[in-house]
Amino acid sequence: MQKILLVTGILLLVLSCKDGTSSNEKVFLDSTGKINDVSVVVDNDLWSGTIGETVRNILASPVYGLPQDEPTFNINQIPSQVFSGFVTKNRTVLIIKMDNEASISFDNDVYAKPQRVITITGKSKEDIIDQINENTSRIVSTFKNIEIFHKQQQIRKVLFNTKSIQEKLKLNIDFTTAYRIAKNDNNFFWIRRDINTGDLNIMLYELPYNAIKRNDSIINQIIRIRDSIGKKHIEGPVEGSYMTTENAYTPFNTEIILDNKPTLETKSMWDVKNAVMAGPFINYAIEDKINNRWVIAEGFAYAPSVEKRDLMFELEAIIRSIKIQ
């Protein structure tokens, strides 16, 4: 009998360590949550005061480049005493609590995977607010980056065959089979997806390296280029109509890194010459010094009467998947 028990114990130990997994290793459930939803774990009294106001001003600030105000993130406030079980599995979690010291931590995969958990503590409300204000850009970018990653993972489940783009533009880009190539003209591609309320669009093309010069007029250069491309390639619904940039909306321009390359990001509004159509766009000019060129990738949406944040977010996630060969 003792021999049987010994053999059984050994078998259980072997099974528990199968594939290199020991009984001490933590098993993560998949994270959950809608795109751009953030769980803010904070007690009600703190949320109703200056701390809650500070968080809302940062996480729910309007996204630039949309025709109507839409928040960067949707916020779900959760009192700390009920933060347990399923509600801990959201991809993006901000925890705020009073403690003996002021601190902020950025942690990965605490309750689920993939997940980003930011914890802010302070001895006073002022301490906590200072931590939030001093780390605003990092907090927003941490949550945005994992949402981009999650969206790209969803997209990669059903990928469109982009061989023609790879051959002509020498780059890889991931988008789903819901899209189609509407125009393939030399080194210009117009990629589209029909939605219930309109369509989503991506333009891809390249320019000689000397086409954009880094000086004080760089925004005007980018707008001038996109307007010339719009006139040539993006026709409107009636004869003589074409896409252009809306003059009444000031473009926002910044520099980011995309595929380890300096990239100029421009957000603004487009409209159609001689037609009543308009919407937001996000334009990326990727500096590809190795190939002596700029790669231009632009996403624009036509979706009247509906919110457009998540539509533009999808286009941004697609463009940020670009890998230049």
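The values are calculated or read from the model by the stated rules, or taken from the named source; none is laboratory data. Everything numeric here is computed off the predicted structure, so don't read it as measured data. Virtual Cβ from ideal backbone geometry, glycine too; neighbours counted across all protein chains shown. Just the protein is used for accessible areas: all its heavy atoms, side chains included, with ligands, DNA and RNA removed. Shrake-Rupley method; radii C 1.70, N 1.55, O 1.52, S 1.80 Å.
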- Can you give me the P(r) profile for region 123-218? Cα pairs, bins 10 angstrom wide beginning at 0, each as a whole percent. 12, 27, 26, 21, 10, 4, 0
- Task: Compare PHE281, PHE252, PHE313 in a GNM of the chain, Cα atoms joined below 10 Å, and give the one with the largest fluctuation.
- Result: PHE252
- Query: Cβ under 14 Å from ARG180's Cβ, ARG180 left aside: what net charge do those residues give with Lys, Arg +1 and Asp, Glu -1?
  - Reply: +1
- Task: Output the peptides 188-196, 261-269 sorted from most to least packed, where packing is the average of other Cβ atoms within 10 Å over each peptide's residues.
- Result: 261-269, 188-196
- Task: Compute the Cα gyration tensor for region 286-325, then decide on rounded, prolate or oblate, letting a ≥ b ≥ c be the square roots of its eigenvalues: rounded whenever a/c is under 1.5, prolate when a/b is larger than b/c in the other cases, and oblate in all that remain.
- Result: prolate
- Accessible area of TYR64 in the full protein assembly, 1.4 Å probe (Å², nearest 10): 90 Å²
- Excluding ASP310 itself, calculate the net charge of residues whose Cβ lies under 14 Å from the Cβ of ASP310, where each Lys or Arg counts +1 and each Asp or Glu counts -1. 0
- Item | Mean ellipticity per residue at 222 nm, deg cm²/dmol - from DSSP H runs of n ≥ 4 across the chain, formula -39500 (n - 2.57) | -9000 deg cm²/dmol
- Pairs to check: LYS151/LYS308; LYS89/LYS123; LYS168/LYS273; LYS157/LYS289; LYS34/LYS261; LYS34/LYS97. Give those whose C-alpha atoms are more than 21 Å from each other in this structure. LYS89/LYS123; LYS168/LYS273; LYS157/LYS289; LYS34/LYS261; LYS34/LYS97
- Gyration tensor verdict on region 132-290 (Cα atoms; rounded if a/c is under 1.5, prolate if a/b is larger than b/c, oblate otherwise): rounded
- Taking a probe of 1.4 angstrom, what is the accessible area of THR250 in Å², to the nearest 10? 100 Å²
- Ignoring ligands, DNA and RNA, what percent of the 1.4 Å accessible area of region 221-325 is carbon and sulfur? 49 percent
- Gyration tensor (alpha-carbon) shape descriptor, region 18-176, a/c threshold 1.5: oblate
- Please give the FRET efficiency for VAL158 paired with ASP310, using the beta carbon to beta carbon distance and R0 = 22 Å, rounded to the nearest 0.05. 0.75
- Result for the chain: accessible area per residue, probe 1.4 angstrom, in square angstrom, of 52 Å²
- How long is the gain from LEU29 to ASN260 if the chain were fully straight, where each residue apart is worth 0.36 nm and the alpha carbon distance is subtracted? 80.0 nm
- Query: Per-residue accessible area for ARG138 at 1.4 Å probe radius, Å² rounded to 10?
  - Reply: 130 Å²
- Task: Go through 141-151, 113-123 and give me the packing order, highest mean Cβ count within 10 Å leading.
- Result: 113-123, 141-151
- Please give the net charge around ARG214, taking every other residue with its beta carbon less than 11 angstrom from that of ARG214, where Lys and Arg add +1 and Asp and Glu add -1. -2
- Query: If the cut-off is a Cα-Cα distance under 16 Å, which lysines reach LYS163, setting aside same-chain residues fewer than 8 apart in sequence?
  - Reply: LYS183, LYS323
- Query: What is the distance in Å between the Cα centres of region 59-83 and region 153-210?
  - Reply: 30 Å
- Query: What are the DSSP H helices in the chain that stretch 18 Å or more along their long axis, judged by alpha-carbon atoms, and whose average Kyte-Doolittle hydropathy comes to at least -0.5?
  - Reply: 2-16, 136-155, 218-233
- Item | Structure-derived percent of Cα pairs over 32 Å apart: which label, when the choices are (i) 42; (ii) 61; (iii) 49 | (i)
- Around THR92, which amide H atoms from residues at least 5 apart in sequence, or from another chain, sit under 5 Å from its own amide H, with H modelled in the peptide plane? SER39, ARG116
- For the chain, with a Gaussian network of springs between Cα atoms less than 10 Å apart, report the residue from ILE218, ILE78, ILE139 with the top mean-square fluctuation. ILE218
- Message: Residue by residue through region 257-263, what is 3J(HN,Hα) from phi via Karplus (6.51 cos²θ - 1.76 cosθ + 1.60, θ = phi - 60°)? Round to whole Hz and write x for glycine and proline.
- Response: 10, 10, 6, 6, 10, x, 9
